[in-house]
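Right, one structure below, let's go through it.
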Amino acid sequence: MKLILTQEVSGLGAPGEVVTVKDGYGRNYLLPRSLATPWTKGGQKQVDDIQRARRVREINSVEEAQSIRASLQENPVRLPANAGRGGRLFGAITPGDVAEAVKAATGKDVDRRKVEIGQPIKALGTYTVSVRLHPDVQASVDVEVVPSA
């Protein structure tokens with residue numbers, strides 16, 4: 001079965017990629033969860049548009065991604081958050097919050113879907129978060145959650 005991925009599927013591909021999967025996997029898992037749509041000739045135009053938009057957003061070269069990774073690993077990213085007694089946050093730090101803080105620190109856009117937070121961040125402190133800057137480059141970023149003034 002030939003499908004167009006609409007969202008990133010771990011181990012299969014990124015949005016906009018055309019993949020061939022077994023019929024049962026596509027029909028019972030990918031399609032009901034809206035992770036993919038059936039491939040058609042008209043859908044190929046959508047694939048091209050999605051890939052063009054992704055190329056504009058992505059960091060283009062491995063060298064650029066490695067320089068960004070080096071700067072992120074040297075300097076922790078600071079995130080101010082509202083906290084109550086004992087350092088507990090009102091809410092949690094989301095991948096979108098981390099992506100905005102990385103953009104502020106480096107000046108480069110990072111897609112929130114490429115930020116991986118292992119455990120939910122619900123308290124003040126320092127946490128390590130993984131950010132995929134390029135398909136070949138992944139950075140471990142120290143995120144320092146501090147109380148907002």
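Taking only the alpha-carbon atoms of the chain, what semi-axes of the equivalent ellipsoid follow from 5 times the gyration tensor eigenvalues under a square root, in whole Å, largest first?
Values: eigenvalues 234, 75, 29 Å².
Listed largest to smallest, the semi-axes of the chain are 34, 19, 12 Å.
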Completion exercise
Listed by chain and number, the aspartates and glutamates with an alpha carbon less than 20 angstrom from that of K108, same-chain partners under 8 positions apart left out, are E58, E63, E64, E74, D97, E100, E116, D136, D142, E144
Exercise for the section: Would you calculate the volume per residue, in Å³, of the smallest convex hull containing every Cα atom of segment 2-57? Expected result: 71
Practice task
Taking H placed 1.01 Å from N in the peptide plane, check which residues at least 5 places from L79 or on another chain put their amide H under 5 Å from its amide H.
Solution key: E144, V145, V146
Fill in the blank from the handout: For segment 88-98, Karplus-derived ³J(HN,Hα) couplings (6.51, -1.76, 1.60; θ = phi - 60°; whole Hz; x for glycine and proline) come out as 7, 7, 8, x, 8, 7, 9, x, x, 4, 5
Exercise for the section: Any lysines with Cα under 16 Å of the K114 Cα? List them, leaving off those in the same chain fewer than 8 positions away. Expected result: K103
Fill in the blank from the handout: Expressed in nanometres to one decimal, the distance between label points 7 Å along Cα→Cβ at T37 and T126 is 4.6
Fill in the blank from the handout: Per the rule of 0.36 nm per residue minus the C-alpha distance, extending T20 to E116 adds in nm 31.9 nm
Practice task
Taking a cut-off of 24 Å between Cα atoms, list the lysines near K2, but don't count ones fewer than 8 places away on the same chain.
Solution key: K22, K41, K45
Problem - Neighbour cut-off at most 11 other Cβ (10 Å), DSSP loop, trypsin sites (Lys or Arg not before Pro), segment 1-90 - result: K22, R33
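Read-outs: derived from the displayed coordinates by stated rules, not from any lab. Values in this document were obtained by computation on a predicted structure and should not be read as measured data. Using ideal geometry, Cβ is built from the backbone for each residue, glycine included, and neighbour counts are taken over all protein chains shown.
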